[in-house]
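Laboratory data are not the source of any read-out in this text; all were calculated from the coordinates shown. As the structure is a computational prediction, the values presented were derived from the model and not from experiment. Ideal geometry is used to build each Cβ from the backbone, glycine not excepted, and the neighbour counts take in all protein chains shown.
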Amino acid sequence: PLTTLQGFLELMLRGKIPEAERERYLEMMHRDTVYLGGLVRDLIDLENLEIRRETLERRPADGEELLAACLENLQLKGVEKGVKLELQVEEKLPLLMVDERRFYQVMINLVENALRQTPAKGKVTISARRALGEIQLQVADTGRGIPFHVQAHIFDRFIGRERGGPGLGLALVKALTELHGGWVALESEPGAGATFTCHLPEEADAASAAHPELEF
C-alpha cells in the first residue's frame, strides 16, 4: 500500500492524472492510508504485548453486554453485506474478569474477520456459554472456511492476509486472550465456514462479584 500511495502522489504532482480521475485516485489513496494506520496500530499493540508493556485493567464485566455492543458496532457492516448477525448468550452467564476495552477489541477482530469471509445471505453467530469450568466466547461464520494447510498458522503474523485483512488481527486475538489467562481455538472445514472460540478461565473474583453471598 505504501508503494501504491507514493506512486499515486507522484502522478498527481506531475499532473499525470486527469481531473476526471482525481476523485477515484483520492478514494484509493484514502483506503490505503486507513489500511496503513490500522497496520501500524496493530504492530505497536503486538510489540507492547510481546514485551509485556501492556497492563490489563481487569474488572468483572457482563459478557452479554460486551458481545451486544460488539454486534451493534458491526450491525451496519452486516446489513451492507447482506449477512445476518446473531447473538446467543447462555442464561446466568458468570461475569468475565477481563480488561473490557481489550477484550472488546478481541471480539471486534473476530467478528470483522468473519464478516469478510461470509457471503450475502450468510450468517455470523456470536455466542457465550459456560462449560468445563471456563467461559467460552465464540464467533462462527458460514463463509468459505480456512484451508487445512493454513489452519496451523492462522494466528501467526500476516497469515491472515489470505483472508482479506492486514494479517495482524488474529495474532492480536491470540496474544490478548493468552494475556487474560485463556487460549483461542479454531475449527473449520474448507467451504463450510469457520468457528473461533476464546476459552477464558471462570475466575473467583468475577463469580464473587456476580454472587456477593459466595465466599472463596
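For the stretch 177-189, 3J(HN,Hα) computed residue by residue from phi via the Karplus equation (6.51, -1.76, 1.60; θ = phi - 60°) reads 5, 5, 5, 8, x, x, 8, 10, 10, 10, 10, 7, 10 Hz, glycine and proline entered as x.
Work out how much length R130 to E91 would gain on full extension: take 0.36 nm times their residue separation and subtract the Cα-Cα distance, in nm to one decimal. Mind dumping the intermediate values first?
Numbers: separation 39, 0.36 × 39 = 14.04 nm, distance 0.95 nm.
Extra length from R130 to E91 when fully extended: 13.1 nm.
Here the calculated FRET efficiency for D156 and N73, from their Cβ-Cβ distance with R0 = 25 Å, stands at 0.40, rounded to the nearest 0.05.
When only DSSP loop residues count, what trypsin sites (Lys or Arg not before Pro) in the stretch 121-155 have their Cβ near at most 11 other Cβ atoms within 10 Å? Mind showing how you got there, number by number?
Numbers: sites: K121, K123, R129, R130, R144; in loops: K121, R144.
Those satisfying the criteria are K121.
So, R0 is 45 Å and r is the distance between the beta-carbons of I108 and R14; what FRET efficiency does that work out to, to 0.05? Display every interim value, and only then the final one.
On the way: r = 40 Å, r/R0 = 0.90.
That pair, I108 with R14, gives E of 0.65.
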